[in-house]
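Here's the structure we're looking at; comments come further down.
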Amino acid sequence: MRVNNYKKSQLKIKAHSKDVNVCDWNKVATHLIVTGSDDCKVKVWDLRRTTEGSQEELLCFNWHTEPITSIKFQPN
């Protein structure tokens with residue numbers, strides 16, 4: 001996420017132990033995002049609760065055996 005001149009990140013999160021491949025925003029609750037990584041995990045984040053000092057995901061799904069290469073946040 002970037003602000004103003006787009007040269008500086010507004011927030012930087014250590015989201016996964018390996019490269020993050022995909023990210024998608026929840027279109028209804030815009031403070032929620034989901035990420036997928038080479039560490040085979042899918043994580044859900046609440047940007048209202050995430051700061052550079054506090055980086056804990058809401059949910060972590062760790063049952064995949066291959067890197068996550070596509071993802072879609074589908075709210076009900």
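The values are calculated or read from the model by the stated rules, or taken from the named source; none is laboratory data. Please read these numbers as outputs of a predicted model, since none were measured by experiment. Cβ coordinates were reconstructed from backbone atoms using ideal geometry, including for glycine residues, and neighbour counts include every protein chain displayed. Heavy atoms of the whole protein, side chains included, go into the accessibility calculation; ligands, DNA and RNA do not. Shrake-Rupley method; radii C 1.70, N 1.55, O 1.52, S 1.80 Å.
The C-beta contact set for segment 54-76 (first residue closer than 22 Å to Ile13 by Cα, second residue of a type outside the set (S, T, N, Q) and modelled with pLDDT under 85, distance under 6 angstrom, 6+ apart or interchain) comprises Gln55/Ile13; Gln55/Lys14.
Consider segment 32-56 and keep the residues that are out of contact with any His (no Cβ under 9 Å at 6 or more places or on another chain) and at pLDDT below 90. The one that is least open to solvent (accessible area, probe 1.4 Å) is Thr50. Within segment 1-16, how many residues are in contact with a Lys or Arg (Cβ under 9 Å, 6 or more places away or on another chain), modelled with pLDDT of 70 or more and either more than 17 Å from Thr50 (Cα to Cα) or surrounded by fewer than 10 Cβ atoms within 10 Å (Cβ to Cβ) (or both)? The number of residues fulfilling the criteria is 0.
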